[in-house]
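Encoded as C-alpha cells, the structure appears first; notes follow it.
We did not get these values from a lab; they are worked out from the coordinates using the rules stated. Computed from a predicted model, the values in this text were never measured in an experiment. All Cβ positions, even for glycine, are placed from backbone atoms using ideal geometry, and neighbour counts span all protein chains on display.
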Amino acid sequence: MAFTIAIDGPAAAGKGTISKAVAAHFGFGHLDTGLLYRAVGAKMLDGDNPVAAAEALDVSDLDREDLRTPEVAQAASKVAVIAAVRAALVDFQRAFARRSGGAVMDGRDIGTVICPEAEAKLFVTASADVRARRRFLELTAKGSVITLDEVLADVKARDERDMNRAEAPLRPAEDAVIIDTSALSIDDAVAKAIAAIEARKPR
Ligand code: CDP
Ligand code: CDP
C-alpha cells in the first residue's frame, strides 16, 4: 500500500526530526528532499553546472559529508530557484513517494507540487529566532565555528529566497495541518504530528 506523508516548512523548523520519528512509528521510508538540493548546491560550489548536476544526480551523491554546512545550504537555496534543476528532481521524488510500504518526505514543496495527492500533509514551522538557535546548537555541537547571528542571517536569507521564488515557493498546502514547534519539545511535536496523520489514515 502506498501512503505518502508530506512534511514541509522553513529551515530548521524540525521537519527532519519529526519525519524520522514519524517514519519509525509507521514503519515507512523517509526521504529528506533538502539533501537533493544540497547535493546539487555542493556540486555548483565544486564548479559544476547546476542543471547538469541535477540531471546526473546519483543517490551516492547524497552521502557527501559536507552537505550540512551553511555554505552548502545557501548554495542549495540558490540552485533551488532554477526551474530546470527542480524539474530534474521530480521523478525521483515521486517514485519514492509512491513506494509500497509508505513514505515520509520532508522539504518545501512536497504537499504543494511534488505530491499534491499526499494522504497526509503537515507544515512544520517555528519562529526564526528559535530555528536559528536550534541550528546554531546543532552546528556548534559538530565543531563549527559560527555565531548565532550568522546562523540567523542564513536562515532568514534562505526563507526569503524559498518563499519568494517563482517556481514551487515555500507555502503551506491548503489542506496542510500547521504545527508550530516554537514552544514544543521534540516529543510533543512528534506526538502532534502522529495524531494529525492518524486522523487521515483509513480505518
Ligand atoms: O529538518 P529541519 O531543518 O526542519 O529541522 P531539524 O533538523 O529536524 O531540527 C533542527 C534542530 O532543532 C535539531 O537539532 C532538533 O533536535 C531541534 N529541534 C528541537 O529542539 N525541538 C523541536 N521541537 C524540533 C527540533
Ligand atoms: O535542513 P534545512 O531545513 O535547513 O534545509 P533543507 O531542507 O536541507 O533544504 C535546503 C534548501 O533546499 C532549502 O533552503 C530550499 O531552498 C531547498 N529545498 C527546496 O527548494 N525544495 C525542497 N523540497 C527541499 C529543499
Inset, instruction - Under 12 Å from the Cβ of ALA21, count the other residues' Cβ atoms, weight Lys and Arg +1, Asp and Glu -1, and hand me the total. - result: 0
Legend entry - Dipole moment magnitude, nearest 20 debye, the chain about Cα centre, only Lys, Arg, Asp, Glu C-beta charged: 400 debye
Inset, instruction - Read phi for every residue in the stretch 68-74 and hand back ³J(HN,Hα) as whole Hz from Karplus 6.51 cos²θ - 1.76 cosθ + 1.60, θ = phi - 60°, with x for Gly and Pro. - result: 8, 6, x, 5, 5, 4, 4
Legend entry - Contact order relative to length of the chain, as percent, for alpha carbon pairs under 8 angstrom and 6 or more apart: 34 percent
Inset, instruction - With springs connecting C-alpha atoms under 10 Å apart, model the chain as a Gaussian network and identify which of GLU160, GLU117, GLU138 has the largest mean-square fluctuation. - result: GLU138
Inset, instruction - Note down the nm distance, to one decimal, between modelled labels 7 Å out along Cα→Cβ at ARG68 and at LYS20. - result: 0.8 nm
Inset, instruction - Estimate the FRET efficiency between GLU174 and GLU119 by the formula 1/(1 + (r/R0)^6), using the beta-carbon distance for r and 22 Å for R0, to the nearest 0.05. - result: 0.90
Legend entry - Residue-count net charge about ILE146 - beta-carbon cut-off 11 Å; Lys, Arg +1, Asp, Glu -1: -3
Inset, instruction - Work out, step by step, the length gained on full extension between ALA83 and ALA166: first 0.36 nm times the residue separation, then minus their alpha carbon distance; give nm to one decimal. - result: 29.0 nm
Inset, instruction - Can you pull the one-decimal nm distance between simple spin-label points at LYS142 and MET1, each 7 Å off the Cα toward Cβ? - result: 3.6 nm
Legend entry - lysines whose Cα lies under 26 Å from that of LYS201, excluding same-chain neighbours fewer than 8 positions away: LYS15, LYS20, LYS121, LYS192
Inset, instruction - With only Lys, Arg, Asp and Glu charged, each at its Cβ (+1 for the first two, -1 for the last two), find how big the charge dipole of the stretch 37-146 is about the Cα centre; round to the nearest 20 debye. - result: 420 debye
Inset, instruction - Take the alpha carbon atoms of the stretch 1-18, find their center, do the same for the stretch 24-94, and report the distance between the two centers in whole angstrom. - result: 16 Å
Legend entry - Residue-count net charge about GLY102 - beta-carbon cut-off 13 Å; Lys, Arg +1, Asp, Glu -1: +3
